[in-house]
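For reference, the structure is listed below as structure tokens.
Only the coordinates and a few stated rules stand behind these numbers; no lab work does. For clarity, every value in this text was computed on a predicted model and none was experimentally measured. So basically every Cβ, Gly included, is an ideal-geometry build from the backbone, and we count neighbours across all protein chains shown.
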């Protein structure tokens, strides 16, 4: 799951992902706390699950390298089940209902179960407590003792592609960018005003399932290309438009038949981004239709997105 | 790299703003001269920290307040290019106007959403003479005001710790007390180095609704620099 580059095998869909340790993490000795997974449907199935997770870099989240890996595993366990042979494809409305009520709860529950297992196997040791207290004081230890999931805090971005039905789920920062056949890029998942100044919603947060944001896409509004990235990528660009341009430019490369350059160049692009930009860990996954694409395209009007309208979503 | 997709890359801006009390009382016992030399002296150390953190672009500004508030350095200036021109002391203590002046600049735009949490360093020797509560409320109404790292240095025995603590807004951080020029130098150096270092590479924190709104963890300052009183105290 943490191999630096992985290229999907599907004949009709192109997929690649890479993850690089942040330039600032290298200077400070911190590990890469991102994780990702590309999970194609077994056999000749046309499904694909992409999952990226970003472990919080704060002192309290001292096991977030593990937390992000478990987040990808949790997404695989819950969403990947729909890729299994014999699993009936849900209708769009049913999938939307599942994304609203079921998937976030199940992902959080599975992530917590995996964290519980990890904690049981290797309880937090004295060295970890000492390092935490030396960096953030005794109150930080109390915070983690009250909620040990803090130690594993991570975000999650997931795209589930079931033939002509896409579902996007996100908790915390990072970006899911869609590109139409005309090369225009946009974010289908609604934003969250709380994600400012290195603050993020998290799987570790109480009632985390409420913080999931969602979107889905159907024909004729399916994107030609998807880019999923942890926040270290967007934060590396002087302007947000420059980040969205990444997805449009990759789309243009694919259209010119240069997918191999994308797959082989991705890791280097992310390394550049971290060193010249944010300094953060950077992870990105690209999924593209192999074409041909419709000649005329526009930003789809039929993109559907939805999000919990619960009080905890307010700033 | 050739054919790299996307637009221009850039390190993340880290805005640092001095809010400097230039009221008439700062003229007493050489306080304003000490402040001028302490900030000037701290700049090379600040530049060192900036060089060690190339993924943060440290940009400095300063607001001076007395009869009203004005930008002493209006443009966000890279630390290597920043020159401190002396401020002079006269008039009253319109701290609230300084808060409003900074609040205007913490809106998005001109602030970018990808910025690092800004650092606001307030230096004052007395009590505000204007409506500082509303000024502070305006500052805190800005998301970047709320998320800013807010540090306060109390210069002399007459500084209003309650006001400075309200500005800081974090029970774990107290105003730094400077009762003599040496302590002022140490505190300003600490803000310019330790605080800037912490703000340059903050880890991601959960948005947990904590009353401590900044996401930057600030190490404790040197206790020996904040002693309540000593024979060297002159303010």
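For region A:147-287, what is the per residue volume of the convex hull drawn over the alpha-carbon atoms, in cubic angstrom?
With only Cα atoms used, region A:147-287 gives 122 Å³ per residue.
Counting partner chain Cβ atoms within 10 Å of every residue's Cβ in A:267-275, what's the average?
2
Once you place label points 7 Å from the Cα toward the Cβ at residue A:102 and residue A:129, how far apart are they in nm?
Spacing of the two 7 Å Cα→Cβ label points: 4.2 nm.
Treating the angle as unsigned and between 0 and 90°, give the value, to the nearest 10°, between the Cα long axis of helix A:240-255 and the longest Cα principal axis of chain A.
So the helix axis and the longest Cα principal axis differ by about 50 degrees.
Using the Kirkwood radius built from alpha carbon pairs, what does the Stokes-Einstein equation give as D for the protein assembly as shown at 10 °C and 1.306 mPa s, in µm² per second?
The estimated diffusion coefficient comes to 64 µm²/s.
Using a Förster radius of 30 Å, what is the FRET efficiency between residue A:252 and residue A:218 based on their Cβ-Cβ separation? Nearest 0.05, please. If you can, show how the numbers build up before the last one.
Values: r = 25 Å, r/R0 = 0.83.
Plugging the Cβ-Cβ distance into 1/(1 + (r/R0)^6) gives 0.75.
Listing B:161, A:56, A:150, B:72 from the residue with the fewest other Cβ atoms within 10 Å to the one with the most, what is the order? Working shown, then result.
Numbers: B:161 12, A:56 30, A:150 26, B:72 18.
Fewest-to-most Cβ neighbours within 10 Å comes out as B:161, B:72, A:150, A:56.
Under 11 Å from the 7 Å Cα→Cβ point of residue B:3, by amide nitrogen: which residues of region A:16-32?
Inside the label zone: nothing.
I need the P(r) histogram for chain A: all alpha carbon pairs, bin width 10 Å from 0 out to the longest distance, whole percents.
The calculated distribution, bin by bin, is 6, 28, 36, 22, 7, 1, 0.
If one takes the longest principal axis of the Cα atoms in chain A, at what angle in degrees, from 0 to 90 and to the nearest 10, does the Cα axis of helix A:259-276 lie?
Helix A:259-276 and the main axis of chain A meet at about 40 degrees.
Antiparallel versus total DSSP beta bridges in the protein assembly as shown: what percent is that, nearest 5?
Working: 61 of 87 bridges.
Restricted to the protein assembly as shown, the bridges split so that about 70 percent are antiparallel.
Cα axis of helix A:64-79 to longest principal axis of chain A: angle in degrees, 0 to 90, nearest 10?
Orientation of helix A:64-79: about 40 degrees from the principal axis.
Residues of region B:1-21 with backbone nitrogen within less than 11 Å of a virtual label 7 Å along the Cα-to-Cβ line of residue B:80, please, listed as ranges.
none
Can you give the helix-only mean residue ellipticity at 222 nm for chain B, where every DSSP H stretch with n ≥ 4 adds -39500 (n - 2.57) and the sum goes over all residues, rounded to the nearest 500 deg cm²/dmol?
It comes out at -9000 deg cm²/dmol, rounded to the nearest 500.
Pull out a ≥ b ≥ c, the square roots of the eigenvalues of the alpha-carbon gyration tensor of region A:72-113, then state rounded if a/c is under 1.5, prolate if not and a/b is larger than b/c, and oblate in the remaining case.
oblate
What FRET efficiency would be calculated for the residue pair residue A:93, residue A:116, taking the C-beta separation as r and a Förster radius of 22 Å, to the nearest 0.05?
According to the calculation, E is roughly 0.05.
Which three extents, in angstrom, do the Cα atoms of chain B have along their principal axes, listed largest first?
Rounded to whole Å, the extents work out to 63, 35, 32 Å.
Treat each spin label as a single point 7 Å out from the Cα along the C-beta direction, and report the residue A:260 to residue A:239 distance in nm.
3.5 nm
Over all residues in B:113-121, what is the mean tally of Cβ atoms on other chains that come within 10 Å of each residue's Cβ?
4
Can you tell me which of A:21-31, B:18-28 comes out highest on packing, and rank the rest after it, using the mean Cβ neighbours within 10 Å? Write down the numbers at each step before the final one.
Values: A:21-31: 17.9, B:18-28: 22.4.
Sorting A:21-31, B:18-28 by mean packing, highest first, produces B:18-28, A:21-31.
What is the fewest-to-most order of A:221, A:58, A:93 by other Cβ atoms lying within 10 Å of their Cβ?
So the residues, fewest neighbours to most, are A:93, A:221, A:58.
Given a Förster distance of 22 angstrom, what is the FRET efficiency for residue B:165 paired with residue A:145, based on the Cβ-Cβ distance and rounded to 0.05?
Here the calculated transfer efficiency is 0.20.
Is there a simple number for the mean count of other chain Cβ atoms within 10 Å of the Cβ of residues in A:187-197, and what is it? Spell out each step's value before the answer.
Details: counts 0, 0, 0, 0, 1, 1, 3, 5, 3, 12, 20.
Other-chain Cβ atoms within 10 Å of each residue's Cβ, averaged: 4.
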